[in-house]
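Just below is one structure, and these are the notes that go with it.
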Amino acid sequence: MCLAVPGRIESVDSGDELTRQGRVAFGGIVKQINLACVPEAGVGDYVLVHAGVALAVIDEAEASRTFAYLREIEAVDEEGP
Amino acid sequence: MSDRASFAPVCPMPADAAEEIQLAHGGGGGMTQRLIEEIFRPAFAASPGELVHDGAVLELGGARIAFTTDSYVVRPLFFPGGDIGSLAVNGTVNDLAMCGAQPLYLSLGLVLEEGLPIELLRRVVASVRCAADAAGVRVVTGDTKVVERGKGDGVYVNTAGVGLVVARRPVAPAEVRPGDVVLLSGDVGRHGVAIMSVREGLQFESAIESDCAPLAGLVLAMIEAGVELHCLRDLTRGGLATALIEIAEAGKVDIRVSEAAVAVSDPVRGACEILGLDPLYVANEGRCIAFVAPEQAERALAIMRRHPLGAGAAAIGTVEPGTGMGVVLRGLLGGSRVLDMLSGEQLPRIC
Amino acid sequence: MKFVDEYRDASAAHRYAEAIARIATRPWVIMEICGGQTHSILRHGIDRMLPTGVSLLHGPGCPVCVTPAEIIDAAIGIAGEPGVIFCSFGDMLRVPGEGGSLLAAKARGADVRIVYSPLDAVTIARANPRRQVVFFAIGFETTAPTTAMAVAQAAREDLGNFSLLVSHVLVPPAIEALLAAPDNTVQGFLAAGHVCTVMGVEAYAPLARRFGVPIVVTGFEPVDLLQGLHLCIRQLEEGRAEVENQYSRSVRAEGNQVARQLIRKVFEIRTQRWRGIGEIAASGLGLAPAYARYDALARFGRVIRPSAAEGECISGVILRGLKKPGDCPAFGTRCTPEHPLGATMVSSEGACAAYYRYRRLGTSPVAAALAEEIRR
C-alpha cells in the first residue's frame with residue numbers, strides 16, 4: 001500500500017530506540033521524521049517514509065538494477081529467439 | 001458569486017433534496033453551482049449571460065465598470081505569505097482584473113466575534129492597507145458588525161470592488177475560440193500547501209509561502225500592449241484543474257493541457273508527494289490563466305514574463321472544439337486522461 | 001526528486017511496455033492488490049500500455065475501502081463524545097458508514113482532525129492532557145509499525161488520555177482467500193511493495209507454491225509497475241510460479257526487523273471482517289493484552305456489531321476482482337464521487353473512484369474518436 005516517499009536525511013537528532021528523529025528532505029521540503037525503525041541510517045542516506053516514519057534505507061545499487069534489467073531484456077530480444 | 005470559504009474540508013455526500021445549507025454548498029463545486037442555478041439566478045439574472053462569471057461588467061453613465069464581491073472565512077487567519085486581510089484585498093482585485101478591468105476602489109465589511117483581541121484586528125487592518133497599497137487600490141468605505149462569542153470564526157471579511165474596464169472586447173469564457181492558447185502565469189500549488197502547513201500535524205520545517213498577490217498589473221500590462229485577452233481566470237480553490245474545467249464548461253470547448261508544461265516548485269512538489277495531493281487541484285491565490293489567439297501567444301507570454309508575478313509564465317495548452325470531453329490532460333508518459341471536477345477538497349492521504 | 005523521477009521516465013516506461021508486448025503470447029489475468037498501485041496504473045494509463053490480452057484486476061488493496069462500516073460508525077460515535085479530539089488520516093474522512101461519515105460528524109461540531117502520522121496524534125495528546133485523544137488506526141502492514149510506534153511511545157509515557165480505534169488488516173490472508181475462491185481467475189500477482197518493505201517476502205512463497213501463481217513484489221511508479229508486470233508475464237509464459245522482488249531498492253527478503261518486532265510487541269493477530277468480502281481468519285491486528293488499555297472501543301464502552309449488507313453497492317465483488325467498476329449498473333449514474341453508494345467510490349484509492357476520475361469518456365462520435373486516442 002500506501003504512500004511512501006523517498007527522502008534524504010539532512011540531520012539526525014538525538015533520541016532513543018523509540019524517539020530517534022531526523023530532518024528529512026523531500027524534493028525541497030523538510031519534515032521531522034521518526035527514524036527509530038532505521039537505526040543504521042545516517043546523514044546523506046535516502047529513506048522511504050510513510051506516515052511520518054522511515055521504514056527502509058534505499059539501496060542505491062539495487063535501484064539501478066531496474067534499468068540494467070531493461071537493457072538486458074532488450075539485448076536478448078535484439079538477438080532474436 | 002464564488003466565495004473564498006474556509007479551508008476546512010467539505011462533505012461530498014449531500015442528501016438528494018437538501019433542505020438545509022451544508023458546508024459543501026460553499027465549496028465552489030457542484031453544490032454551489034446548484035444554489036446559483038436554483039436560487040440566485042432565478043431571483044437576479046436578467047439574462048442567461050449574467051451571474052456566470054466572478055465579476056459583473058456594467059454600463060454606468062457611459063463607462064464600463066467591473067463590479068465584484070467576495071467573502072472570506074479562511075482558517076487559520078494568518079498563514080505564511082498572507083492573512084485574511086491580504087487575501088480579501090487580492091482576491092477581489094484579481095476578480096476585477098479577470099474582467100479586464102483596472103481595480104480602483106474596495107469596500108471592507110467586517111463581522112467580528114465578541115472577544116477578538118483588538119491587536120488582531122489591528123494586524124488584519126494593517127495588512128489590508130498594505131495589500132491595497134501594493135495593488136494600487138483604496139478602501140473607501142466599510143462596515144463593522146460584532147456577533148456574540150461563539151457565533152463567528154474570529155473575523156469574517158467581505159470586500160466589494162469596482163474597477164474601470166480597459167479591455168476593448170469582452171473577457172469571458174464565451175469569447176474563447178478553438179485554437180486559442182492557454183497561458184499560465186507561474187507555478188502552482190503554493191497557497192494550498194501554505195494553508196495546510198499551518199494545520200495541526202501537517203507542519204513542515206521550511207515554511208512554504210502562499211502566492212497570494214494582486215494580478216492586476218500583470219493583466220493590465222498585456223491589455224496596454226494591445227494583446228486581446230479572450231478569457232482570464234485567477235486560480236483559487238480547486239486549483240488549475242478546476243479553473244480549466246469551469247471555463248471548458250462555460251465556453252463549451254475542450255481544452256488540451258500538457259502536464260509537463262505545468263510548473264510546480266520543488267517544495268510544493270515534495271509536500272504534495274508526501275501528502276498524496278495532486279498539484280493540479282491545489283489552491284492558488286496569485287496565479288491566473290489567460291486565453292489568447294495563437295498569433296498573440298508569444299507576445300503575451302513575453303509581456304507576462306517581464307512582470308515580477310509572471311516570471312514563470314508558460315503556455316500549457318490549447319483550446320479545441322467542444323466535444324463534451326472537457327479538459328484532457330496529456331500525462332508525463334504521453335497518455336491522456338480526462339480531468340474531472342473534484343467532489344470536495346482534496347484531503348491528505350496515506351494510501 | 002531522486003528515486004522518484006527516474007521511475008517516471010517516459011522512455012523507460014515505453015521500452016518496458018514494448019518488451020512486454022514482445023513476450024506476451026496469450027491472455028493473462030494479473031491482479032495488483034494495492035490502492036497506491038491502482039492509483040498509479042490508472043493515472044499514468046499503464047493498463048492501456050499493455051497488450052490487449054493482458055488483463056489487470058484491482059484487488060482489495062485499499063484498507064480504507066475494506067474498513068467495515070460498523071467500525072466507521074464506532075469512529076463517528078466516539079468522535080461525537082464530549083471533549084474528544086478524534087484524529088484520523090485524511091483517507092477515512094469521507095468514507096460512509098451506516099450513519100454518515102467522519103466529515104459529516106465534523107460538520108456537526110465534532111473535533112475531528114486530519115493527521116499525517118499517528119505520532120502527531122500522540123503529540124496532540126501530550127498537548128491536551130485534559131482531553132481524550134483518539135487515533136483511528138487503519139491501514140495494512142505498511143502503517144502498522146507507525147501505529148505501533150505511537151502506542152509504544154504513549155505506553156512509555158503512561159499517557160492516560162490517548163487511545164486508538166484499531167482496524168489494521170493483513171494482505172497475505174486476503175490473497176489466500178482470493179486464490180482459494182472457486183471463481184478465482186487470477187493467474188499472477190503483483191504484491192504491494194510497501195507492505196513487503198515492512199514484512200519481507202516470506203509469506204508469499206507458500207502461496208506461490210500452493211496455488212501455482214507467480215508473485216512479484218512491485219513498487220509504485222510507472223517503471224516499477226511495468227518491470228513488475230514484465231517479470232510476472234515472463235514467469236507465466238515460462239510456466240514458473242515463484243516469488244520475485246522488483247522493488248529491491250526498498251524491499252529486503254526479511255523486511256524491516258525493527259518494525260516487525262514492534263508490530264509483534266504491540267499487536268496480536270485476529271479474525272477481521274473486510275467490508276464487501278466478509279470475515280477472513282487471521283487477517284487483522286488488534287492490540288495485544290499488554291496494551292489493551294489503549295483500546296478506544298473499551299475506553300468508550302462501544303461494542304461492534306456487523307452491519308447489514310450494502311444495498312446496491314457491489315464493492316465486494318469489485319474488490320475481489322470479479323467485476324470492474326464499469327460492470328456495475330450504478331457506476332457513473334447513481335453512484336459517483338458526488339453521490340457515492342459505497343467505499344470504493346468514496347475513497348480516492350477505491351477502484352471505482354479511480355476509474356471515474358481517470359476514465360470517464362464522452363459519448364458523441366467525436367468523443368468516441370478522442371476516447372480511442374486516449375485508449376491507445
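Any read-out appearing in this document is the output of simple, stated calculations on the displayed coordinates, not a laboratory observation. The structure displayed is predicted, hence computed values, not measured ones. Please note: Cβ atoms are built from the backbone with ideal geometry, for glycine as well, and neighbour counts cover all protein chains shown.
Worth a mention:
- A Förster radius of 35 Å combined with the Cβ-Cβ distance from B:THR141 to C:VAL303 puts the calculated FRET efficiency at roughly 0.05.
- Note that region B:133-146 has calculated 3J(HN,Hα) couplings of 4, 5, 8, x, 10, 10, 7, 10, 7, x, 7, 9, 10, 10 Hz, one per residue in order, obtained from phi through the Karplus relation 6.51 cos²θ - 1.76 cosθ + 1.60 (θ = phi - 60°); glycine and proline are x.
- Couplings for region B:242-257, taken from phi via the Karplus curve 6.51 cos²θ - 1.76 cosθ + 1.60 with θ = phi - 60°, read 4, 4, 5, 4, 4, 5, 4, 5, 5, x, 6, 10, 9, 10, 9, 10 Hz in order; Gly and Pro are left as x.
- Kirkwood-Stokes translational diffusion coefficient of the protein assembly as shown, alpha-carbon pairs, 4 °C, 1.567 mPa s, µm²/s: 47 µm²/s
- Beta bridge orientation in chain B: antiparallel %, DSSP, nearest 5: 75 percent
- Calculated FRET efficiency for the pair B:LEU164/A:VAL43, C-beta based, R₀ 51 Å, to 0.05: 0.30
- Straight-distance crosslink candidates among lysines, where the alpha carbon sits under 21 Å from A:LYS31 and sequence neighbours closer than 8 are dropped: C:LYS2
- Computed extension gain for B:ARG149 through B:ALA311, at 0.36 nm per residue and net of the alpha carbon distance, reaches 53.8 nm.
- Qualifying aspartates and glutamates (Cα of each under 12 Å from Cα of B:LYS151; at least 8 residues distant if same chain): B:GLU113, B:GLU114
- Share of Cα-Cα pairs in region B:53-165 lying beyond 16 Å, as whole percent: 57 percent
- Residue exposure proxy: B:THR92, A:THR19, ordered by other Cβ atoms within 10 angstrom of their Cβ from fewest to most, comes out as A:THR19, B:THR92.
- Cα-derived Rg over Rh, computed across chain C with Rh taken as Kirkwood radius: 0.98
- Phi angles of region C:210-225 translate, via the Karplus equation with coefficients 6.51, -1.76, 1.60 and θ = phi - 60°, into HN-Hα couplings of 4, 9, x, 10, x, 10, 10, 6, 10, x, 10, 7, x, 5, 4, 4 Hz per residue; Gly and Pro are given as x.
- Both radii are taken from the alpha-carbon atoms of chain B; with Rh as the Kirkwood radius, Rg/Rh is 0.94.
- Counting neighbouring beta carbons within 10 Å and listing from fewest to most, the residues C:MET1, C:MET149 come out as C:MET1, C:MET149.
- Whole-angstrom Cα spans of chain A along principal axes, big to small: 57, 24, 23
- C:ILE23/C:GLU254 FRET efficiency (R0 41 Å; Cβ-Cβ; nearest 0.05): 0.85
- Exposure proxy for A:ILE9, C:ILE23, B:ILE255: other Cβ atoms within 10 Å of each Cβ, ordered fewest to most, give C:ILE23, A:ILE9, B:ILE255.
- Taking amide H as placed 1.01 Å from N in the peptide plane, the amide H of C:TRP28 sits under 5 Å from that of C:VAL54, C:SER55, each at least 5 places away or on another chain.
- Considering only B:ALA172, B:ALA131, C:HIS14, the residue lying farthest towards the positive end of the dipole of the protein assembly as shown is B:ALA131, judged by Cα position with unit charges set on Cβ.
- Helix-only mean residue ellipticity at 222 nm for chain B, each DSSP H run of n ≥ 4 adding -39500 (n - 2.57), per residue, nearest 500: -8000 deg cm²/dmol
- Region C:231-283: GluC sites (Glu not before Pro) in DSSP coil with no more than 16 other Cβ atoms inside 10 Å: C:GLU242, C:GLU254
- The relative contact order of region B:245-324 comes to 55 percent, based on Cα pairs under 8 Å that sit 6 or more residues apart.
- Charge dipole (Cα centre; +1 on Lys/Arg Cβ, -1 on Asp/Glu Cβ; no other charges) of the protein assembly as shown amounts to roughly 700 debye.
- Around the amide H of B:GLY154, modelled in the peptide plane, lie the amide H atoms of B:GLU113, all under 5 Å away and 5 or more residues distant in sequence or on another chain.
- Relative to the globular-protein estimate of 2.2 N^0.38 Å, the Cα radius of gyration of region B:261-351 stands at 1.26.
- Amide H to amide H distances under 5 Å link C:ARG275 with C:THR67, where only residues 5 or more positions off or on other chains count and H is placed in the peptide plane.
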